[in-house]
Protein chains: 2
Amino acid sequence: MKRIENIAETYQHLQTEICSSLENADGKGKFSHDNWEKEIGGGVTAVLQNGVIIEKGAVNFSFVKGKFSSRMEKLLCEKAENYAATGVSSILHPENPWMPIIHMNVRYFALDNGISWFGGGIDLTPHIIEPENTAEFHTALKTTCDQFDSRFYPEFKEWADDYYFLPHRNETRGVGGIFFDRLKYDSQEEFEKLFNFTVALSQLYPVIYTSFMKKHSNRPYSEREKNWQALRRGRYVEFNLMHDRGTKFGLESGGNTESILASLPAGAAWEYNYSPQPGGFEEKTLSLLKKGIDWINPKNNP
Amino acid sequence: MKRIENIAETYQHLQTEICSSLENADGKGKFSHDNWEKEIGGGVTAVLQNGVIIEKGAVNFSFVKGKFSSRMEKLLCEKAENYAATGVSSILHPENPWMPIIHMNVRYFALDNGISWFGGGIDLTPHIIEPENTAEFHTALKTTCDQFDSRFYPEFKEWADDYYFLPHRNETRGVGGIFFDRLKYDSQEEFEKLFNFTVALSQLYPVIYTSFMKKHSNRPYSEREKNWQALRRGRYVEFNLMHDRGTKFGLESGGNTESILASLPAGAAWEYNYSPQPGGFEEKTLSLLKKGIDWINPKNNP
């Protein structure tokens, strides 16, 4: 079995790769790389602020170990003394409202009772939903998933719809993507497959986003799109602070606050009883924040 | 015993009074009054947006009833079949960064097992802390508390320090104030005392804030103060979405989302690894976001 140290090494290397791809595509913004060390372990927080295309983006690597608290036992429904975890997590907030927010995470979690698993996903939150761009995004995810297991995309797509959901708003966070957790394995072969799957997703991530950057980052916009972007970022903040398991787990386990909350946008807005103009892109976007949409084959939608 | 219906009537009347005092002091802003009704009950959400002094403010009244779920049992450590609750809750976000954010809540909670209690408080979150203004605020709270019970102010001040605290930031939300919960009673006299105390606090609330408005709402400010205000609002959002019990309880019990989240500011900002200029008001403010400060008698502080 590959040990968690090896996985961490690969993940840290992937962090570096993601940062340089994104820096190249942005052309101006540079990631700061901050090493942090705390009682529970350490990591490298890479943050890019005020790029040309990326207004605020974080690519975090961490490798932590600690006591498996009763709180974590409840959260994860597992019994153990100690845990170790490593992962890469990223969120990018673009300047241009026609560009989407994107999120990626891959992680490996090992308990000292012998149980370990992979988790992760990639999901997209366009401020303004355009079905053709969403179809392209989902197709890219499906293609990568299918290289590993044809059951992955349909299963993990549904999981993302359920996970990236704000119950109090009755809205999905965006157009979903894939989400998976607790992918356990019982052979070296299975382990390799899952590990390689997380590596492939980390490599796909900058490819997807730089494609968006090339196509959409120069599109003109007005105050109307910027205001709408700020409101959608408000919803993103709601999800991250209220529902995101990584944020919750990170803060509760004594992780690095600045690193964990580097995922928040530079700015966000809230308006009481906002109501969209009939027929505008805002209304259309709201109408598409639903679970269960088949983005790749729109004919399958009711 | 006064029934919850009578308490609700008084609280709703207090909402109206608070709104008109604030409208008068603002001079331009008007509260919209939205009645809402859901399965669990109803309320009136009063929101003022884009006043001269108040950028966004909410004064909410609600009166709800429902099944006391197992989730609530855990949250409140009580056993019962049904509950009823009524309260007034308000948060004001000013335009001028020299003005503080203020929050007030009074509530009555009754279970069908015969147990009922009052809760509430007032707390202040200056974007820029000025100890003399904070002393005035705490003195006003103490004066009202002392009219009911000399133990109230010291006890509830400490409770506020503990409650309005962000563990992941190791910061208090602001300069505290008073907070109390589960104030039970075992005589009509005790009931009257607690009920009248919550009424007195609701009446004190606009008096405190209009005094701030008169003194500070015309103070000049620059982009520096506005940027700082946006960052402090970011912290306020973190508290409300992650820690505020009323928000949590309201959303979980199926309350009115727009009404509950009307407490969020119009805008907020986050900056990775923000570090204040040495000697500036930002650094001074951060140094005062601590529990246990005696604002009224600064000589008592170490």
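Projecting each Cα onto the charge dipole of the protein assembly as shown (Lys/Arg +1, Asp/Glu -1 at the beta carbon, about the Cα centre), which of B:261, B:27, B:46 comes out farthest on the positive side?
About the Cα centre, the residue reaching furthest to the positive side is B:27.
How do A:216, A:103, A:13 rank when sorted from fewest to most other Cβ atoms within 10 Å of their own Cβ?
Values: A:216 19, A:103 26, A:13 14.
Listing A:216, A:103, A:13 from fewest to most nearby Cβ atoms yields A:13, A:216, A:103.
Under unit Cβ charges (Lys, Arg +1; Asp, Glu -1), what dipole magnitude, rounded to 20 debye, does segment B:1-89 have relative to its Cα centre? Could the numbers behind the result be given before it?
Numbers: 11 positive and 12 negative charges, 53 e Å.
Computed charge dipole of segment B:1-89: roughly 260 debye.
Mind listing which trypsin sites (Lys or Arg not before Pro) in segment B:44-147 are in a DSSP loop and have 14 or fewer other Cβ atoms within 10 Å? Walk me through the intermediate numbers first.
Working: sites: B:56, B:65, B:67, B:71, B:74, B:79, B:107, B:142; in loops: B:79.
The qualifying sites are B:79.
What is the mean projected area of the alpha carbon convex hull for segment A:1-115, to one decimal in square nanometres? Could the numbers behind the result be given before it?
Numbers: hull surface 33.0 nm².
Computed as one quarter of the Cα hull surface, the answer is 8.2 nm².
Under 20 Å from a point placed 7 Å out from the Cα of residue B:5 along the Cα-to-Cβ direction: which residues of segment B:92-115 have their backbone N that close?
Those under the cut-off are B:108-115.
Which ordering of B:233, B:151, A:235, A:245 is given by a fewest-first count of other beta-carbon atoms within 10 Å?
Working: B:233 24, B:151 10, A:235 19, A:245 13.
Ranked by crowding around the Cβ, least crowded first: B:151, A:245, A:235, B:233.
How large is the dipole of segment B:4-300 about the Cα centre if only Lys and Arg carry +1 and Asp and Glu carry -1, each at its Cβ, rounded to the nearest 20 debye? Present the calculation step by step, with values, prior to reporting the outcome.
On the way: 32 positive and 40 negative charges, 127 e Å.
That gives a dipole near 620 debye.
Helix B:131-146 sits at what angle to the longest principal axis of chain B, using alpha carbons and giving 0 to 90 degrees rounded to 10?
20 degrees
Round to the nearest 0.05 the FRET efficiency obtained for residue B:39 and residue B:182 when R0 = 30 Å and r is the Cβ-Cβ distance.
That pair, residue B:39 with residue B:182, gives E of 0.70.
To the nearest 20 debye, what is the magnitude of the charge dipole of the protein assembly as shown about its Cα centre, counting +1 on the Cβ of each Lys and Arg and -1 on the Cβ of each Asp and Glu?
Values: 68 positive and 80 negative charges, 69 e Å.
Computed charge dipole of the protein assembly as shown: roughly 340 debye.
To make sure I understand, if each residue's beta carbon is the centre and we count other beta carbons within 10 Å, what order do A:129, B:53 fall in, fewest to most? Write down the numbers at each step before the final one.
Values: A:129 21, B:53 25.
With the sparsest Cβ surroundings first, the list reads A:129, B:53.
Using the 2.2 N^0.38 Å rule of thumb for compact globular proteins, work out how the protein assembly as shown stacks up: its C-alpha Rg over that value, please. Show your work: numbers first, answer last.
Working: Rg = 25.3 Å, N = 604, 2.2 N^0.38 = 25.1 Å.
Ratio of Cα Rg to 2.2 N^0.38 Å: 1.01.
For chain B, what does -39500 (n - 2.57) per DSSP helix run (n ≥ 4), summed and divided by total residues, give at 222 nm, in deg cm²/dmol to the nearest 500?
Working: 9 runs with 126 residues, N = 302.
After summing the helix terms and dividing by the residues of chain B, the value is -13500 deg cm²/dmol.
For the pairs A:248/B:157; B:157/B:299; A:38/B:74; A:79/A:248, note any where the Cα-Cα span goes beyond 27 Å.
On the way: A:248/B:157 29 Å; B:157/B:299 17 Å; A:38/B:74 32 Å; A:79/A:248 19 Å.
Listed pairs above 27 Å: A:248/B:157; A:38/B:74.
Find which of A:103, A:64, B:278 sits farthest along the positive direction of the dipole of the protein assembly as shown, computed with +1 on the beta-carbon of Lys and Arg, -1 on that of Asp and Glu, about the Cα centre.
B:278
To the nearest Å, what is the center-to-center distance of segment A:1-80 and segment B:1-37, using C-alpha atoms only?
Value for the Cα centre distance between the two parts: 48 Å.
What does the copy distance list look like for residue A:50, label position 7 Å along Cα→Cβ, in nm and ordered from shortest?
Result, one decimal in nm: 3.0.
Please report the residue of chain A with the smallest beta-carbon distance to the A-to-B rotation axis, and give that distance in Å, no decimals.
A:241, 2
Can you give me the angle between helix A:223-242 and the longest principal axis of chain A, using Cα atoms only, in degrees from 0 to 90, rounded to the nearest 10?
That works out to roughly 30 degrees.
Taking Cα atoms, how many degrees apart are the long axis of helix A:152-163 and the longest axis of chain A, rounded to 10 and kept between 0 and 90?
70 degrees
Laboratory data are not the source of any read-out in this text; all were calculated from the coordinates shown. Nothing here was measured: the structure is a model prediction, and the numbers come from that model. Every residue, glycine among them, receives a Cβ derived from its backbone with ideal geometry; neighbour counts consider all protein chains shown.
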